[in-house]
Amino acid sequence: CMKAFLDRLRRCETAHNHFLEGKRCFLIACAGGTGLGAVECLHHMEETLKHMGMRAYDRIPVIRYNKDYILPALECAGELYADRLEQGFDMQY
């Protein structure tokens, strides 16, 4: 479902809207097993975002071996980032 959504969004963005061009984001993918699927998924997500003119700050794979500490760390990082944006912070990339 997510791939279908991103494919549709990419078609709308590149052909018509350009609302997301220049926007930056974090890419996060969760996978089971060895986690290699998460790395491949992140690569494909970044390629899709490049077509829309977006840039990724970071690519974060969440796997069964790191989920106990990475998920709470991501939540804290998201809250801090939102607070900084409200204060006018804009990390240049």
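The values are calculated or read from the model by the stated rules, or taken from the named source; none is laboratory data. Being a predicted model, the structure only gives us computed values, none of them experimental. Cβ coordinates were reconstructed from backbone atoms using ideal geometry, including for glycine residues, and neighbour counts include every protein chain displayed. Please note that ligands, DNA and RNA were not included when accessible areas were found on the heavy atoms of the full protein model with its side chains. Shrake-Rupley method; radii C 1.70, N 1.55, O 1.52, S 1.80 Å.
Taking the Cα centre of region 24-93 as origin and assigning +1 to Lys and Arg Cβ atoms and -1 to Asp and Glu Cβ atoms, the resulting dipole is close to 220 debye. The heavy atoms of Y57 offer some 30 square angstrom of accessible surface to a 1.4 angstrom probe. Listed values for region 6-20 are Karplus-derived 3J(HN,Hα) couplings in whole Hz (6.51 cos²θ - 1.76 cosθ + 1.60, θ = phi - 60°), namely 5, 4, 5, 4, 4, 4, 5, 5, 6, 8, 10, 7, 6, 5, 8, and x replaces Gly and Pro.
Computed on the Cα trace of region 50-93, the radius of gyration divided by the Kirkwood hydrodynamic radius gives Rg/Rh = 1.06. Taking the charge dipole of the chain about its Cα centre, with +1 at Lys and Arg Cβ atoms and -1 at Asp and Glu Cβ atoms, the residue from N17, L27, G88 reaching farthest to the positive side is N17. Starting from region 1-60, pick out the trypsin sites (Lys or Arg not before Pro) whose DSSP state is loop and whose Cβ has at most 16 other Cβ atoms within 10 Å. Passing sites in region 1-60 are K23.
Counting only protein heavy atoms and using a 1.4 Å probe, the accessible area of I28 comes to about 80 Å².
Classified by the C-alpha gyration tensor, the chain has an oblate form. Its axis ratio a/c, with a ≥ b ≥ c, is 1.5 or above, and a/b does not exceed b/c.
The apolar share of the surface of the chain, taken as the fraction of accessible area on carbon and sulfur atoms (1.4 Å probe, ligands and nucleic acids excluded), comes to 58 percent. Near V62, the amide H atoms lying under 5 Å from its own belong to A29, C30, A31; only residues 5 or more places off or on other chains count, and H is placed 1.01 Å from N. Calculated accessible area for region 13-55 comes out at 64 Å² per residue, all protein chains present (probe 1.4 Å; ligands, DNA, RNA ignored). Cross-link reach is defined here as a Cα-Cα straight distance under 12 Å, omitting same-chain residues fewer than 8 places apart; for K50 the aspartates and glutamates meeting it are E13, E21.
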